[in-house]
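These notes are about the structure you will find just below.
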Amino acid sequence: MWAFLKVCECEPLMFGEVSSPWYPQPYSTDLQEQWDLEVPKGYRIQLTINHLDIEPSPNCYYDSLLVKSDEKVLGTFCGKNSTDRFHPGHKPILAPGNRLQLIFHTDDLNHDSHLGFTAFYQAVDIDECSTSSVENESDPPCSQICLNTLGSYVCACHHGYQLRPDNRTCILDCGGGVYTEPEGTISSPGYPDPSPLDLDCLYIISLQPGFTITLSFSQTFQIEQVNNQGPTCLFHWLQVSVPGKDPEKFCGDKSPGILYTGSHITQLEYHTDRHGQSQGWSLHYTTQRVKCPNPGKISHGKVTPTYPQYLYRDYIQVYCEPGYKLMMGEKEIKSFLSMCQSNGQWHMTLPACRIIDCGRPKSLLNGNVTNISGSDNHYLSSIEYRCDEPYYAFDGKPQVRYTCTRERKWTAVGHNDIIPPCLPVCGMNTEVLFGGRVYGGKPAKLGQIPWHLLHRSNPRGAAFLISDQWALTAAHVVDGHENRTMQFTGGMIDETDQRSVTLKTEKIIIHPNYKKVGRDGHETNFNNDIALIKMSQQVKLGPNIRPLCLPKKSDGPVLEDMKGTISGFGGIKKETKSHLLRHGRVEEYSLEKCESFNLPVSDNMFCAGNENERIDSCQGDSGGALFFPALGNASPDQRYEVRGIVSWGPSICGHPSFKGYYTKVHNYLDWVRETMANN
């Protein structure tokens with residue numbers, strides 16, 4: 001029975017397996033099987049028989065496995081054991097090409113049962129470049145260089161030669177070569193074999209600016225040289241050209257060794273004429289980044305990073321020490337960065353680190369600032385603020401010494417940069433400082449009652465300073481003038497004194513519960529007879545003009561039999577006003593001891609007078625202060641505070657049986673402070 005294997009037209013496989021029919025069961029008689037095996041071109045096919053059990057016979061006459069490559073028989077096999085004469089053993093069968101034929105034949109009689117065979121085939125790469133693979137060694141696959149590849153080969157040429165279109169043979173070509181890689185090797189055509197004659201080879205090494213080229217020639221160097229009149233390179237030579245330098249020619253047997261070109265472009269020209277012989281040359285070139293000079297050091301600053309040498313594209317930064325700033329010329333810069341350029345120079349020169357300053361310290365109103373340490377307001381300089389004593393002072397014991405910090409701020413301990421204000425010192429006068437006494441009913445001395453203010457226009461009245469911009473008075477003195485500008489004078493004891501201080505009002509704020517004056521012009525109710533005056537500008541305090549203190553809530557109300565002092569430019573005789581500031585002591589009484597003159601009296605008032613010396617406030621004194629302690633009982637460090645405001649009284653001033661009434665300031669402390677804060 002004949003059976004034929006159908007051949008597939010598809011791409012050959014790289015490996016496969018083939019077995020006799022019914023393997024591993026015994027094969028039958030009268031068989032004729034054929035397998036056509038093929039692997040891809042460029043490979044050889046190799047067959048490995050893993051197991052063979054075919055009826056043995058002389059020359060495998062009865063049953064056999066025939067292996068052929070094209071028409072060439074590679075072997076005929078039968079038997080069972082590897083010791084049998086026609087058994088293939090375990091050695092693979094390598095075909096000369098990429099195809100094999102297997103023919104399995106059995107006759108019409110089997111004396112015993114036999115299993116047949118099983119085999120494995122695979123593609124094996126051919127080294128087309130080896131001499132054993134080349135059938136005709138006189139005709140190699142490549143004329144110069146053969147590179148074996150998987151399933152094929154590639155031809156290449158020696159340096160200075162170019163592959164022809166047939167992709168097998170090479171032709172001399174050593175001109176126009178440009179090398180742009182940072183490292184490489186160049187040699188004469190055919191090196192180390194002798195150079196061909198009549199050469200004109202050009203090699204150009206070209207890197208980007210910022211790199212320099214170094215040529216390292218091998219020791220094997222030989223270019224024909226003429227020595228008739230000294231060493232000259234007339235017929236064979238290698239010329240090295242660098243921009244900006246004279247070209248150098250080399251020939252002879254001595255290697256140039258290492259050449260530092262200092263350039264990013266180098267040109268090599270190799271020339272031989274039609275005679276003589278040169279062994280040639282070879283070099284390896286490398287590139288290095290251009291060097292920049294060491295940037296050096298900077299006073300009060302640091303240059304970073306620190307390298308043994310600085311090369312093209314290296315960066316440096318400059319940082320100043322704390323308290324110093326970066327300056328480029330006269331301009332301050334936030335940061336500094338400089339790069340090493342391709343020309344070997346830094347693209348920016350180093351800046352300078354100059355000490356910072358905090359600028360001129362803020363001025364202190366009613367005070368001054370003095371330098372404690374350092375100079376020119378520089379870093380770590382210290383200053384101290386002081387108020388204009390004794391008229392102004394700080395509240396409590398604030399930090400008043402400031403240091404210039406790296407943040408360029410004048411800063412106190414705890415990073416506080418707020419300067420405390422100089423507040424007016426209230427309740428002090430020159431008389432107290434000099435230990436003098438104030439006697440009742442006498443003209444005042446200059447600076448003795450410095451808070452008293454006079455309003456000359458109708459109605460003539462008074463007020464008194466409680467700060468450097470605010471004053472208190474009786475509401476009826478300024479009633480009707482809320483939307484007008486009133487003028488007060490102070491810092492004087494004689495109203496004709498031309499050196500007096502003139503104060504103009506900005507705001508007049510009457511207590512909201514004050515009852516206005518009646519239409520007939522007479523006061524009908526003096527309850528809440530108090531008003532605040534804000535002056536148009538702060539007055540500069542001095543020995544003759546200073547504020548009076550407000551009482552503290554803890555001081556309590558007016559005490560009966562307590563003696564205080566009043567002052568004013570009011571009436572001293574009937575229809576006569578004093579042009580001098582006068583003062584006197586009065587005693588405070590309970591309301592039960594005072595005549596009310598049929599006018600309503602409230603707890604917002606108290607009465608006071610002097611029965612013995614007939615001292616009293618009078619017309620023109622309204623709005624003035626009743627203050628204590630009495631000047632005669634004051635100590636040098638004692639301050640004065642207001643307890644009452646001259647409000648109203650009988651038409652007869654100084655009568656021993658009648659007393660004057662005063663607005664009780666203690667009842668209005670919250671209103672006073674809140675109104676001042678809101679205005």
Using the crude model of +1 on Lys and Arg Cβ and -1 on Asp and Glu Cβ, and no other charge, please compute the dipole size for the chain relative to its Cα centre, in debye to 20.
6540
Karplus 3J(HN,Hα) series, Hz, for the stretch 281-286 with 6.51 cos²θ - 1.76 cosθ + 1.60 (x for Gly, Pro)
7, 8, 9, 10, 9, 10
Helix 669-678 versus the longest principal axis of the chain: what angle, 0 to 90°, nearest 10, using Cα atoms?
50
Work out from phi, with θ = phi - 60° and the Karplus expression 6.51 cos²θ - 1.76 cosθ + 1.60, the ³J(HN,Hα) of each residue of the stretch 306-312, listed in order in whole Hz, and give x for Gly and Pro.
9, 10, x, 8, 10, 10, 3
Amide hydrogen neighbours beyond the local backbone of A393, cut-off 5 Å, H modeled
L423, V425
State, to one decimal in nm, how far the label point of N368 lies from the label point of I103, with both points 7 Å from Cα in the Cβ direction.
13.3
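List, in the order given, every pair from K297/K362; K297/K331; K507/K552; K362/K397 whose Cα-Cα distance in the structure shown is over 29 Å. Each step should come with its number before you reach the end.
Working: K297/K362 37 Å; K297/K331 20 Å; K507/K552 25 Å; K362/K397 20 Å.
Flagged as over cut-off: K297/K362.
Considering all alpha-carbon pairs of the stretch 73-155, what whole percent are spaced by more than 14 angstrom? Walk me through the numbers on the way to the answer.
Numbers: 2529 of 3403 pairs.
Cα-Cα pairs of the stretch 73-155 separated by over 14 Å account for 74 percent.
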Under a 5 Å amide H to amide H cut-off, with H placed in plane at 1.01 Å, what residues pair with G262 once short-range neighbours are removed?
I213
P(r) for the stretch 33-113, please, calculated from all Cα pair distances in 5 Å bins and given in %.
3, 15, 25, 24, 17, 9, 5, 1, 0
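Which order do peptides 536-546, 296-306 fall in by mean Cβ count within 10 Å, highest first? If you can, show how the numbers build up before the last one.
Working: 536-546: 17.5, 296-306: 12.6.
The peptides rank, most packed first, as 536-546, 296-306.
Rounded to two decimal places and with Rh computed the Kirkwood way over Cα pairs, what is Rg over Rh for the stretch 291-355? Provide the component values of the computation, followed by the final result.
Values: Rg = 11.7 Å, Rh = 12.1 Å.
Rg/Rh for the stretch 291-355 comes to 0.97.
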What residues qualify as long-range amide H neighbours of I356, i.e. H under 5 Å apart, gap of 5 or more or another chain, H built at 1.01 Å from N?
Y324, K325, Y379
Using just the helices of the chain, give the 222 nm mean residue ellipticity in deg cm²/dmol: DSSP H runs with n ≥ 4 each add -39,500 (n - 2.57), and the total is spread over all residues, rounded to 500.
-500 deg cm²/dmol
Ranked highest first by the average count of other Cβ atoms within 10 Å around their residues, in what order do 467-478, 84-95, 601-612 fall?
467-478, 601-612, 84-95
Mind checking the full-extension length gain between S335 and K302? Use 0.36 nm per residue of separation minus the Cα-Cα distance, one decimal, nm.
10.6 nm
3J(HN,Hα) from dihedral phi, the stretch 595-612, Karplus parametrisation 6.51/-1.76/1.60, rounded to Hz, x for glycine, proline
7, 9, 6, 6, 9, x, 10, 10, 6, 8, 10, 8, 10, 7, x, 9, 6, 7
How long, wide and thick is the stretch 303-445, going by the Cα atoms along their three principal axes, in whole angstroms, largest first?
98, 27, 19
Mean separation of Cα contacts under 8 Å (at least 6 apart) over the residue count of the chain, i.e. the relative contact order in percent, is 7
Enclosed volume per residue, in Å³, of the convex hull spanned by Cα atoms of the chain:
430
Tell me the volume per residue, in Å³, of the convex hull enclosing the alpha carbons of the stretch 33-180.
147
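Read-outs: derived from the displayed coordinates by stated rules, not from any lab. Being a predicted model, the structure only gives us computed values, none of them experimental. Virtual Cβ from ideal backbone geometry, glycine too; neighbours counted across all protein chains shown.
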